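Some notes on the structure that comes next.
None of the figures in this text is laboratory data; all of them are computed from the coordinates on show. Computed from a prediction, not measured in an experiment: that's the story for all the values here. As a convention, Cβ positions derive from the backbone with ideal geometry for all residues, glycine included, and neighbour counts pool all protein chains shown.
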Amino acid sequence: MGDQRVVGQGQFLPRQGLRLGRQSGMCPPGIPQAGMRPLAGMPRQVGMRRRQQGMTFIGLLCIVALVGTIGYAGLRLVPLYLNYMKVARTMDAAATEAKGDNPDPGILRRSLERHWEIEDITGVDYKDVEVVKDERGISLHVAYDDAAPYVANVSLTVHFDKTVKVQ
């Protein structure tokens, strides 16, 4: 350590005979000399690089872009899900109207057609709904894919599948 001696808690004082002060060639006030730590009266952060806290502007832009991309995708998908809810509601209404001991598939088809026109359902036709009759009864089943344009030639595609049992 040369001309210095340790005096408690990592603070250095010059050896006797050397004077610490503002002489020619010395550092400006408030900044310790090279190789010396600040004394007890000096602030600890002087000469140290301050730590940055918080978010940078570029980080904020990245997060805003990510949230915007996901939000835009959600906005593009909302009409598809609303249309699916119309399909499900129409199938439930047709099944409710055909309740009974022996529901007729023809009556179900006409009921589906009427509700389809009232609800103004797009993306799938009432003819795409399968009316299946088996020993347990009649069920209505529809499975279809619907797509929404996202950006340029990129689209979002969703698969919907719904089955309603006629009781």
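Straight-line reach from residue 133: taking Cα to Cα under 22 Å and skipping same-chain neighbours fewer than 8 places apart, the lysines in range are 99, 162, 165.
Identify the residues of the stretch 69-95 with backbone N under 15 Å of a label point that sits 7 angstrom from the Cα of residue 144 along the Cα-to-Cβ direction, or state none. Within reach of a label on residue 144: 79-92.
Qualifying GluC sites (Glu not before Pro) in the stretch 44-138, where qualification requires a DSSP coil assignment and no more than 10 other C-beta atoms within 10 Å, comprise 135.
Spin-label model, residue 127 to residue 67: label points 7 Å out along the Cα-to-beta-carbon direction sit 4.8 nm apart.
Each peptide in 55-68, 137-150, 80-93 gets a packing score, the mean of other Cβ atoms within 10 Å over its residues, and the list from highest to lowest is 80-93, 137-150, 55-68.
Work out, step by step, the length gained on full extension between residue 96 and residue 51: first 0.36 nm times the residue separation, then minus their alpha carbon distance; give nm to one decimal. Result for the pair: 9.5 nm of gain on full extension.
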